[in-house]
Every structure is written in structure tokens, then in C-alpha cells.
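**Q** I am attaching a structure below and will ask some questions about it afterwards.
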Protein chains: 2
Amino acid sequence: MTLVQVSSEAAASTAPQQLYLDDLHVGQRFTSGAHRLDESQIKAFARQFDPQPFHTDEHAAERTFFKALAASGWHTAAITMRLNVESGPPLAGGFVGAAGELSWSAPTRPGDSMLRAKSSKSRRRARDPIAAR
Amino acid sequence: MTLVQVSSEAAASTAPQQLYLDDLHVGQRFTSGAHRLDESQIKAFARQFDPQPFHTDEHAAERTFFKALAASGWHTAAITMRLNVESGPPLAGGFVGAAGELSWSAPTRPGDSMLRAKSSKSRRRARDPIAAR
């Protein structure tokens with residue numbers, strides 16, 4: 001199983017081993033596997049973490065902003081993390097972040113498939129790594 | 001049960017009813033109830049969405065950046081959403097966002113309690129509401 005799809009040039013050397021900062025270069029692209037969301041996953045997550053009618057009930061959702069059942073944005077964020085971990089770049093030390101920006105450009109509906117396409121835009125060492133307490 | 005704590009001035013008029021944009025003012029503060037995280041919640045979320053050793057195994061976590069078991073940042077984000085929905089300001093139409101910034105200033109450990117303190121910093125109508133498809 002190939003853990004990560006990288007450019008053909010880099011594939012031979014990086015696919016099986018962990019990637020360190022020095023192994024990444026600007027413009028490098030990674031594409032994860034796909035995850036298909038269904039109604040039961042959407043409702044189960046929402047009942048636990050985002051119990052609003054547009055995420056928990058397809059009928060009630062019709063009378064809301066979303067017009068139909070839609071996944072919680074935190075659900076799609078969490079799935080994105082799983083795609084990163086399972087089939088994203090195999091980063092040494094794991095996927096750890098101290099901050100980030102999110103945007104949800106369109107609702108995710110039952111039956112939609114998600115995948116994570118990622119490219120390196122800049123490369124620098126963090127100046128203030130998260131303090132482990 | 002009071003769903004939301006607002007300034008005493010506003011409490012009488014806003015506590016039981018839904019809040020619209022015109023009901024919010026800059027500087028208004030809301031504080032949610034609290035949620036206590038434990039080891040089993042941390043591991044259950046991580047197994048499903050962020051299966052990395054520092055989130056799933058307290059022994060393996062000792063040899064990682066986090067030094068001990070820590071909750072996934074996406075887990076704490078999701079709990080924050082639940083605190084918003086259940087005991088945050090009762091926003092008319094619900095909590096819906098198209099974008100946001102996140103930061104995790106310190107790891108969340110088993111036994112830590114979370115609550116959501118929120119204050120209105122600016123108030124404006126969205127120019128480009130998320131397109132419902």
C-alpha cells in the first residue's frame with residue numbers, strides 16, 4: 001500500500017519512510033485517499049458534537065439555512081485529519097499543529113466523498129512550538 | 001435553566017429568546033457550561049478521527065512531542081461546538097460559520113475541563129454567505 005502520492009520524482013525515495021522538514025519542498029503535492037460520508041455518519045457525529053437540526057434531522061433541515069441535511073463543519077474537519085493521518089504525507093513526529101485557518105466553501109451532503117489535496121506553500125521551522133505541559 | 005449568561009442588563013430581555021444580529025453588541029460576553037474530558041473520550045475520538053499515538057495510547061505518547069496523552073485538537077474544537085450549541089448564546093438560525101481561525105495554545109489532558117468564553121468583537125452581516133447547494 002502506498003501511503004502517500006507524491007510527484008514521481010520524489011515517490012521512490014519518500015514513499016516508505018517518514019518525512020522531515022528537509023524532505024519537503026515548496027510546491028510538493030500530496031493527495032489522500034477518499035472518504036464517503038453518509039447520513040448515519042453525519043447524524044452520529046452531530047448528535048455527539050454539533051446537535052443542530054440541519055445536522056441531525058433531514059426533515060427539520062429543510063426549514064433551515066442549509067435546506068437539507070449537511071455535515072457539521074467540525075465533522076468534515078475531523079475526517080480531513082483522518083485522511084491526513086492515514087494517507088497524507090508520512091510526517092515524522094506526526095501531524096501536529098498549533099494554529100490554522102479553516103473555511104467551508106460549500107455544505108457536505110450525504111453521499112459526498114472527501115479527499116485531501118495538500119501542497120507545501122512555505123517551509124519554516126516553528127518559532128514557538130506548542131508548550132507541552 | 002439559563003441557556004446563556006449575558007450581562008445583567010441584557011439578561012432579562014435576551015435569555016429565553018433567540019438572538020438576532022441586532023440583539024448582539026460589541027463587547028457582549030457569553031460563557032458556556034463546562035465539559036470534562038477523560039482518557040476514554042480522548043481515545044475514542046482519536047481512534048475514529050485522529051489515530052496518532054499521542055492521542056490513542058498513554059504509553060506511546062510518552063515518546064512523542066506531547067510527552068503524555070493529549071486530546072486531538074479536532075476533538076477540543078468539536079467539544080467547543082457542542083458547548084456553543086448547548087449553552088452558548090441562543091443564536092437565531094443556529095451556529096453556522098463559513099470560515100474561522102483556530103489556535104491550540106496548550107495540550108488538553110485527561111481530567112481537564114473545557115468551557116467556552118466568547119465575546120462579540122465586531123458585528124456585521126456576511127457579504128458572501130455560504131452557498132447552500
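**Q** Condition check: surrounded by fewer than 15 Cβ atoms within 10 Å (Cβ to Cβ), more than 14 Å from the chain's Cα centre (by Cα) and more than 17 Å from A:GLY94 (Cα to Cα). Does B:ARG125 satisfy that?
**A** Numbers: surrounded by fewer than 15 Cβ atoms within 10 Å (Cβ to Cβ): yes; more than 14 Å from the chain's Cα centre (by Cα): yes; more than 17 Å from A:GLY94 (Cα to Cα): yes.
The answer is yes for B:ARG125.
**Q** Let me ask something additional. How many residues are surrounded by fewer than 21 Cβ atoms within 10 Å (Cβ to Cβ) and facing chain A (nearest Cβ under 9 Å) when one looks only at the range B:47-65?
**A** Narrowing the range B:47-65 to residues surrounded by fewer than 21 Cβ atoms within 10 Å (Cβ to Cβ): B:47-48, B:51, B:53, B:56-65.
Now drop any that are not facing chain A (nearest Cβ under 9 Å), which leaves B:48, B:51, B:53, B:64-65.
Qualifying residue count for the region: 5.
**Q** Ok, one more. When you look at A:ARG109, is it of a type in the set (D, E, K, R) and either over 20 Å from B:ALA99 (Cα atoms) or modelled with pLDDT under 90 (or both), yes or no?
**A** Details: of a type in the set (D, E, K, R): yes; either over 20 Å from B:ALA99 (Cα atoms) or modelled with pLDDT under 90 (or both): no.
No; evaluated as a whole, the condition is false for this residue.
**Q** Then there's this: Just name the residue that is surrounded by the fewest Cβ atoms within 10 Å (Cβ to Cβ) out of those in the range A:97-108 that are free of Cβ contacts under 8 Å to residues at least 24 places away in the same chain and in contact with a strand residue (DSSP E or B) (Cβ under 8 Å, 6 or more places away or on another chain). First the steps, then the outcome.
**A** Taking the range A:97-108 as the starting set, the residues that turn out to be free of Cβ contacts under 8 Å to residues at least 24 places away in the same chain are A:97, A:99-101, A:103, A:105-106.
The next check asks that each one be in contact with a strand residue (DSSP E or B) (Cβ under 8 Å, 6 or more places away or on another chain); those that pass are A:99-101, A:103.
Values: A:ALA99: 13, A:GLY100: 13, A:GLU101: 8, A:SER103: 10.
Per the stated criteria, the residue is A:GLU101.
**Q** Among (1) free of Cβ contacts under 8 Å to residues at least 60 places away in the same chain; (2) in contact with a strand residue (DSSP E or B) (Cβ under 6 Å, 6 or more places away or on another chain), which single condition is B:PHE65 missing?
**A** Against the list (1) free of Cβ contacts under 8 Å to residues at least 60 places away in the same chain; (2) in contact with a strand residue (DSSP E or B) (Cβ under 6 Å, 6 or more places away or on another chain), B:PHE65 comes up short only on (2).
**Q** Among the residues of the range A:96-106, which ones are closer than 21 Å to B:ALA98 by Cβ and aliphatic (A, V, I, L, M)? If you could, list the steps in order and put the result at the bottom.
**A** Keep residues of the range A:96-106 that are closer than 21 Å to B:ALA98 by Cβ, which gives A:97, A:99-106.
Passing the criteria: A:ALA99, A:LEU102, A:ALA106.
**Q** Looking at B:GLY94, B:GLY111, which one is more than 7 Å from chain A (Cβ to nearest Cβ), open to solvent by less than 40 Å² (accessible area, probe 1.4 Å) and at positive phi?
**A** B:GLY111
**Q** If you don't mind, there's one more thing I want to ask. Just checking, how many residues over the range A:36-75 are at pLDDT 95 or above and either within 16 Å of B:ARG47 (Cα to Cα) or hydrophobic (A, V, I, L, M, F, W, C) (or both)?
**A** 18
**Q** Given the conditions (1) surrounded by fewer than 19 Cβ atoms within 10 Å (Cβ to Cβ); (2) more than 9 Å from chain B (Cβ to nearest Cβ), and given that A:THR76 satisfies all but one, which numbered condition is not satisfied?
**A** In the conditions (1) surrounded by fewer than 19 Cβ atoms within 10 Å (Cβ to Cβ); (2) more than 9 Å from chain B (Cβ to nearest Cβ), A:THR76 misses (1) alone.
**Q** Does the range A:12-19 include one or more residues that are closer than 17 Å to A:LYS121 by Cα, in a loop (DSSP other than H, G, I, E, B) and at pLDDT 85 or above?
**A** In the first step, residues of the range A:12-19 are kept if they are closer than 17 Å to A:LYS121 by Cα; the result is A:19.
Still in the running and in a loop (DSSP other than H, G, I, E, B): none.
Looking for residues that are closer than 17 Å to A:LYS121 by Cα, in a loop (DSSP other than H, G, I, E, B) and at pLDDT 85 or above, one finds none in the range A:12-19, hence no.
**Q** In the range B:16-46, which residues are basic (Lys, Arg) and open to solvent by less than 30 Å² (accessible area, probe 1.4 Å)? Let's see the steps before the verdict.
**A** Kept after step one, since they are basic (Lys, Arg), are these residues of the range B:16-46: B:29, B:36, B:43.
Scanning the range B:16-46 gives no hits.
The values are calculated or read from the model by the stated rules, or taken from the named source; none is laboratory data. Note that this is a predicted model, so its numbers are computed, not measured. When we count neighbours, we look across all protein chains shown, and the Cβ atoms used for this are built from the backbone with ideal geometry, even at glycine. Ligands, DNA and RNA are stripped out before the accessible areas are found, and what is left, the full protein with its side chains, is counted by its heavy atoms. Shrake-Rupley method; radii C 1.70, N 1.55, O 1.52, S 1.80 Å.
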